[in-house]
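These notes concern the structure reproduced below.
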Amino acid sequence: MLHGSSIDGFKLAYQREGSGAAVVLLHGWPGDHCDWREVIPLLRGRADVVAPDLRGFGESDKAPADPVEAYSVVAQTASAVALIEELALERPVIAGYDVGSRVAQEIARVAPHTVAALVVAPPVPGVGDRVLSARAQREFWYQAFHQLPIVDEIIDGKPAAVRAYLEHFWSHWSGPAYQPSEAELDRLTALYGEPGAFAASIGWYRAGSGTVATSLAERPPAPADRIAVPTTILWPERDPLFPPEWSDRVDQFFSDATVRTLPRVGHFSPLEEPQAWAEAIAAALAASGRQSPGPGEASSPRPG
């Protein structure tokens with residue numbers, strides 16, 4: 001792992017593979033850049049792929065700072081844009097899910113000239129007060145829990161507690177055909193189990209960047225202020241957090257968005273359906289003029 005440009009005292013660790021037009025892959029919680037380990041080999045032969053650990057995750061810097069300043073969507077976006085600039089990535093396609101989706105969308109809002117296209121999975125705007133429904137709150141309880149100081153006392157720095165907590169989400173949020181391996185849970189536990197690591201990872205929620213806080217505050221922008229970057233939204237059919245019917249307001253927030261459903265796929269879609277992600281990213285590269293599909297490929301990538 002290398003380290004990119006420092007901003008606000010943070011450096012981002014990242015994996016970089018392949019050559020060609022630039023692609024940036026942004027991970028979710030509770031994960032790291034390895035959330036994209038099944039997608040990267042499908043893109044390696046046709047793209048310069050950069051997969052960073054976001055602030056407070058994996059091998060990237062962590063800081064015992066005010067989470068509002070250190071880990072908010074604004075702060076995460078600043079580091080991601082700085083890394084793009086440091087690596088001289090020319091208008092990459094940015095892909096993201098979960099936390100990474102929010103960061104990708106914010107980059108498209110504040111620095112649209114730096115982005116060729118987005119490929120994202122939920123969360124996306126349009127949830128609104130539906131996040132307060134009884135069904136939704138049975139899933140989103142953790143975002144309120146993460147605000148409590150007791151989390152640091154009972155989970156942070158305690159590998160057994162960290163593993164049990166992470167295993168709940170990786171098992172419950174995934175689709176029926178996916179189950180994380182024991183080895184992967186061990187790897188994540190080693191990352192999140194270090195003192196301060198779990199607390200850093202939930203700084204995103206403590207900064208008010210989670211779905212509950214953002215959905216209650218969101219208002220549809222004027223048409224001229226919608227995200228104008230061409231966007232493909234891959235919507236998992238079996239994600240317990242974001243039911244497909246919540247895609248009904250996408251056009252109120254994006255001016256050029258296409259929604260594709262991923263059948264039988266849960267929340268961890270880059271691992272559950274990597275081929276669909278690779279195909280959507282390759283198609284976005286081709287549509288933006290960053291890459292032309294080879295003869296007979298019809299924009300569909302093949303393993304490198």
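The values are calculated or read from the model by the stated rules, or taken from the named source; none is laboratory data. Note that the structure is predicted; figures quoted are calculated from it, not measured. Neighbour counts run over all protein chains shown; Cβ positions are idealised from the backbone, glycine included. The protein model used for the area step is the full one, side chains on, heavy atoms only, and it has no ligands, DNA or RNA in it. Shrake-Rupley method; radii C 1.70, N 1.55, O 1.52, S 1.80 Å.
Suppose we filter the stretch 224-278 for residues that are over 18 Å from W36 (Cβ atoms), under 15 Å from the mean Cα position of the chain (by Cα) and assigned to a loop (DSSP other than H, G, I, E, B); how many remain?
Narrowing the stretch 224-278 to residues over 18 Å from W36 (Cβ atoms): 224-231, 235, 237-238, 240-261, 263-264.
In the following step, the residues that additionally are under 15 Å from the mean Cα position of the chain (by Cα) were identified as 231, 235, 241-242.
Subsequent filtering for residues that are assigned to a loop (DSSP other than H, G, I, E, B) retains 241-242.
So the count comes out to 2.
May I ask you to list pairs of residues, at least six apart or on different chains, whose Cβ atoms are under 9 Å apart, with the first in the stretch 155-184 being on the phi > 0 side of the Ramachandran plot and the second being surrounded by fewer than 15 Cβ atoms within 10 Å (Cβ to Cβ)?
Filtered contacts from the stretch 155-184: G157/P195; G157/G196.
Test each condition in (1) open to solvent by 20 Å² or more (accessible area, probe 1.4 Å); (2) among the hydrophobic types (A, V, I, L, M, F, W, C); (3) free of Cβ contacts under 8 Å to residues at least 60 places away in the same chain for A287 and report the one that comes out false.
(3)
Restricting to the stretch 115-143, give me the number of residues that are assigned to a helix (DSSP H, G or I) and out of contact with any helix residue (DSSP H, G or I) (no Cβ under 7 Å at 6 or more places or on another chain). Let's see the steps before the verdict.
We begin by selecting, within the stretch 115-143, every residue assigned to a helix (DSSP H, G or I); these are 128-132, 134-143.
Now restrict to residues that are out of contact with any helix residue (DSSP H, G or I) (no Cβ under 7 Å at 6 or more places or on another chain): 132, 134-135, 137-139, 141-142.
Count: 8.
Could you tell me which residue of the stretch 151-161 is least open to solvent (accessible area, probe 1.4 Å), considering only residues that are outside any helix (DSSP H, G or I) and touching a helix residue (DSSP H, G or I) at 6+ places or on another chain (Cβ under 7 Å)?
Our first condition is that a residue be outside any helix (DSSP H, G or I); within the stretch 151-161, this holds for 155-158.
Remaining after also requiring touching a helix residue (DSSP H, G or I) at 6+ places or on another chain (Cβ under 7 Å): 155-156.
Details: I155: 9, D156: 28 Å².
Residue satisfying both the conditions and the ranking: I155.
Does the stretch 6-31 hold any residues that are of a type in the set (A, V, I, L, M, F, W, C) and over 20 Å from R102 (Cα atoms), and which are they? Can you show your working first?
Restricting attention to the stretch 6-31, the residues satisfying the condition of being of a type in the set (A, V, I, L, M, F, W, C) are 7, 10, 12-13, 21-26, 29.
Of everything in the stretch 6-31, just one residue is of a type in the set (A, V, I, L, M, F, W, C) and over 20 Å from R102 (Cα atoms), namely A21.
Starting from residues that are modelled with pLDDT of 95 or more, outside any strand (DSSP E or B) and of a type in the set (D, E), keep the ones in the stretch 1-42 and report whichever is surrounded by the fewest Cβ atoms within 10 Å (Cβ to Cβ).
E38
Which pairs have Cβ atoms under 6 Å, sit 6 or more apart or on different chains, and link a residue in the stretch 204-218 that is part of a loop (DSSP other than H, G, I, E, B) to one that is open to solvent by less than 30 Å² (accessible area, probe 1.4 Å)?
These pairs meet every condition: A207/Y71; A207/S72; S209/S72; G210/Q143; E218/P125.
Specify which of the listed residues (A161, A177, A134) is at pLDDT below 95 and out of contact with any Phe, Trp or Tyr (no Cβ under 8 Å at 6 or more places or on another chain).
Of A161, A177, A134, the one residue that is at pLDDT below 95 and out of contact with any Phe, Trp or Tyr (no Cβ under 8 Å at 6 or more places or on another chain) is A177.
Go through the stretch 236-264 and report how many residues are out of contact with any Lys or Arg (no Cβ under 6 Å at 6 or more places or on another chain) and open to solvent by less than 10 Å² (accessible area, probe 1.4 Å).
Total satisfying the criteria: 7.
Answer yes if at least one residue in the stretch 188-205 is open to solvent by 30 Å² or more (accessible area, probe 1.4 Å), polar (S, T, N, Q) and either farther than 25 Å from I94 by Cα or modelled with pLDDT under 95 (or both), and no otherwise.
Looking for residues that are open to solvent by 30 Å² or more (accessible area, probe 1.4 Å), polar (S, T, N, Q) and either farther than 25 Å from I94 by Cα or modelled with pLDDT under 95 (or both), one finds none in the stretch 188-205, hence no.
When you check S133 against the structure, is it open to solvent by 10 Å² or more (accessible area, probe 1.4 Å) and hydroxyl-bearing (S, T, Y), yes or no?
yes
Give the residue that is farthest from the chain's Cα centre (by Cα), with candidates limited to residues of the stretch 100-110 that are open to solvent by less than 10 Å² (accessible area, probe 1.4 Å) and either without any contact (Cβ under 8 Å) to a residue 40 or more places away in the chain or within 21 Å of S269 (Cα to Cα) (or both).
So the first thing to find is which residues in the stretch 100-110 are open to solvent by less than 10 Å² (accessible area, probe 1.4 Å), and the list is 100-101, 103-105, 107-108.
This time we only want the ones that are either without any contact (Cβ under 8 Å) to a residue 40 or more places away in the chain or within 21 Å of S269 (Cα to Cα) (or both), so: 100-101, 103-105, 107.
On the way: G100: 2, S101: 4, V103: 7, A104: 8, Q105: 10, I107: 12 Å.
Among those that are open to solvent by less than 10 Å² (accessible area, probe 1.4 Å) and either without any contact (Cβ under 8 Å) to a residue 40 or more places away in the chain or within 21 Å of S269 (Cα to Cα) (or both), it is I107.
So if I check each of L148, L185, which one is hydrophobic (A, V, I, L, M, F, W, C) and either part of a helix (DSSP H, G or I) or under 23 Å from V250 (Cα atoms) (or both)?
Values: L148 fails: either part of a helix (DSSP H, G or I) or under 23 Å from V250 (Cα atoms) (or both).
Unique residue meeting the criteria: L185.
In the stretch 60-97, what residues are in a helix (DSSP H, G or I) and open to solvent by 20 Å² or more (accessible area, probe 1.4 Å)? Lay out the reasoning, then the answer.
In the first step, residues of the stretch 60-97 are kept if they are in a helix (DSSP H, G or I); the result is 67-70, 73-86.
Listed by number, the residues that qualify are P67, V68, E69, V73, V74, A78, V81, E85, E86.
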